[in-house]
1. Looking only at segment 134-164, count every residue that is more than 16 Å from the ligand (Cβ to nearest atom), more than 18 Å from His15 (Cβ to Cβ) and in contact (Cβ under 8 Å) with a residue 12 or more places away in the chain and tell me the total.
2. Out of segment 87-130, which residues are without any contact (Cβ under 8 Å) to a residue 60 or more places away in the chain and either among the β-branched types (Val, Ile, Thr) or not in a helix (DSSP H, G or I) (or both)?
3. Quick check on my filter: what residues within segment 63-82 are of a type in the set (Val, Ile, Thr), surrounded by 14 or more Cβ atoms within 10 Å (Cβ to Cβ) and assigned to a helix (DSSP H, G or I)?
4. Just to be sure before I move on: is Arg135 among the charged types (D, E, K, R), part of a helix (DSSP H, G or I) and either at pLDDT 95 or above or on the phi < 0 side of the Ramachandran plot (or both) in the structure I sent?
5. Evaluate the following for Leu93: is it more than 11 Å from the ligand (Cβ to nearest atom), surrounded by 15 or more Cβ atoms within 10 Å (Cβ to Cβ) and modelled with pLDDT of 95 or more?
6. Surrounded by fewer than 16 Cβ atoms within 10 Å (Cβ to Cβ) and over 13 Å from the mean Cα position of the chain (by Cα), is that true of Phe129?
7. What number of residues in segment 11-60 are in contact (Cβ under 8 Å) with a residue 24 or more places away in the chain, within 9 Å of the ligand (Cβ to nearest atom) and surrounded by fewer than 13 Cβ atoms within 10 Å (Cβ to Cβ)?
8. Checking His138 against (1) surrounded by fewer than 14 Cβ atoms within 10 Å (Cβ to Cβ); (2) under 22 Å from the mean Cα position of the chain (by Cα), which test does it fail?
Amino acid sequence: MDKPKRYHPLLVGLHWLSALLIIFMLLAGTFLLANQPNAPAKIPVLALHMITGLLILVMTIVRFIVRLATPKPAPASIGSAFLDRVGVVTHWLLYLGALGMGISGLGIATQSNLFAITFGGAGELPRSFYLFPPRIGHEYLSIAMLALIGLHIGAALLHQFLRKDNLFARMSFGGKAAGN
Ligand code: HEM
């Protein structure tokens, strides 16, 4: 059977929505949330972060299943076997990183009783979330994710504008796709 020219529309939608949400969460988490003192005013900000983070976690799992279950376009080449391999590994690491962020976030929230505090009005925020080990993983993973996303965007731009293979069309709902 011929390979499709673009990814499944559900995968395309999930890709762009999760990309926006993940970039927003990484920047807002690093520059706003992590620098805010653990006072009552932080509770609604944390609630928004947790809901968005859980949404990303669910979307990542659904996306992974859709990716396995639907036909994919033929592998794209940037003209170097090594860089093509780096591309494939980066894609898997992005999935793993998004899963890891959600799971370590859940770990912090469970250990610090954060669901009851943010959504049940139970008690005060802990002095610091670094009292809970998953907080350290959450931070290192966020740095790794920023680096991976930089690599991913760089490679996509290289394909699009240097190799001019119109790779973006594979991750779109219509138009002329790469290989057409
Ligand atoms: C893909 C999903 C997620 C992303 C991208 C994300 C991103 C971040 C980032 C960038 C930070 C700050 C890291 C730092 O610079 O130290 C952070 C902190 C935090 N996140 Fe997440 N997060 C996600 C999911 C979650 C989930 C699901 C929860 C809880 C249910 C959660 C709870 C927290 C908490 C409690 C902190 C600590 C805030 C502080 O130290 O003041 N996160 N997150």
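The values are calculated or read from the model by the stated rules, or taken from the named source; none is laboratory data. Computed from a prediction, not measured in an experiment: that's the story for all the values here. Note: ideal-geometry Cβ built from the backbone for every residue, glycine included; neighbour counts use all protein chains shown.
1. Adding up the residues that qualify gives 2.
2. Val88, Val89, Ile103, Ile108, Thr110, Ser112, Asn113, Gly121, Ala122, Gly123
3. Val66
4. On the way: among the charged types (D, E, K, R): yes; part of a helix (DSSP H, G or I): yes; either at pLDDT 95 or above or on the phi < 0 side of the Ramachandran plot (or both): yes.
Criteria met by Arg135.
5. yes
6. no
7. 1
8. Looking at each condition in turn, His138 falls short on (1).
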